[in-house]
Amino acid sequence: MDASDWDERYAARDLVWSVEPNRFVAETIGPLTPGHAIDLAAGEGRNAIWMVEQGWTVVAADYSPVAVERMQSLAADRLGDDSGHLTALVADATQEAPGGQAAYDLALLCYLQLPADEWRQALRSAVEAVRPGGRVVVVGHAGHNLADGWGGPSDRSVLYDPEEVLERADGLPVTVEQSGIRERPVDTDEGLRVALDTVVVLRREG
């Protein structure tokens, strides 16, 4: 899907995603000391807004202008006086991150489902965006979800298991803090289902 496709998807509904943060984003980032973060492919901003509520200063970027407008509106409603701690802007996650290199303590890639070469570019941009000692948090629909889980994209080329994330991180200045497949319960009309997500945390080396 290109930016115009996402614009249409966001424009067609009040909210495409939940207003709550992704459970693995909350579990991973919640215990960390707040600092400066960038959320790449932030969508409507559910994770970025939650991070600001936890004390972070966040740049949240998406290549859909409609998503960014919605994020700005949601931030104004949810954050009030703290809305100034969120900067929402239009940007492509596969390009150099807004703010330049080594500008952030944390970069988030949450459900950025791209073909391997484009996703590798986005991962490199995320790593370059964080300072030495900073973290890159990756959450995505796992490849194993196609056969063993529920929901998510049906195109295997845009899914990634943990070992594929680590393969695409090969040569980047990072160490692995966490890597695995996690189960995410999903309420559906047919009852409770389980989706399989990849969760990887990389730490930028000095």
Out of the residues in region 178-206 meeting the condition of being part of a strand (DSSP E or B) and of a type in the set (Gly, Ala, Ser), tell me which one is farthest from residue 120 (Cα to Cα).
191
With the structure loaded, tell me whether residue 130 is out of contact with any helix residue (DSSP H, G or I) (no Cβ under 8 Å at 6 or more places or on another chain), surrounded by 21 or more Cβ atoms within 10 Å (Cβ to Cβ) and at pLDDT 95 or above or whether it fails that test.
yes
Quick one: is residue 76 in contact with a Ser or Thr (Cβ under 7 Å, 6 or more places away or on another chain) and at pLDDT below 95?
yes
Output for Cβ contacts, cut-off 7 Å, separation at least six or different chains, first residue on the phi > 0 side of the Ramachandran plot in region 144-160, second surrounded by 15 or more Cβ atoms within 10 Å (Cβ to Cβ) and not acidic (Asp, Glu), reads 151/195; 152/141; 152/145; 152/195
Counting only residues that are part of a helix (DSSP H, G or I) and at negative phi, how many does region 76-133 have?
23
Pairs where the first residue, in region 74-87, is without any contact (Cβ under 8 Å) to a residue 40 or more places away in the chain and under 13 Å from residue 51 (Cβ atoms) and the second is of a type in the set (S, T, N, Q) and not in a helix (DSSP H, G or I), C-beta under 7 Å, 6+ apart
85/57
Could you list all residues from region 57-73 that are in contact (Cβ under 8 Å) with a residue 40 or more places away in the chain and outside any strand (DSSP E or B)?
63, 64, 65, 66, 67, 70
Go through region 156-177 and count every residue that is part of a strand (DSSP E or B) and either among the charged types (D, E, K, R) or within 16 Å of the chain's Cα centre (by Cα) (or both).
1
Within region 48-67, considering residues that are buried (at least 22 other Cβ atoms within 10 Å of the Cβ) and β-branched (Val, Ile, Thr), the one farthest from residue 105 (Cα to Cα):
49
Test for residue 111: is it of a type in the set (Ser, Thr, Tyr) and under 13 Å from the mean Cα position of the chain (by Cα)
yes
Using the structure shown, decide if residue 201 is closer than 20 Å to residue 28 by Cβ, loosely packed, with under 14 Cβ neighbours inside 10 Å and not acidic (Asp, Glu).
no
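The values are calculated or read from the model by the stated rules, or taken from the named source; none is laboratory data. As the structure is a computational prediction, the values presented were derived from the model and not from experiment. Backbone-built Cβ (ideal geometry, glycine too); neighbour counts: all protein chains shown.
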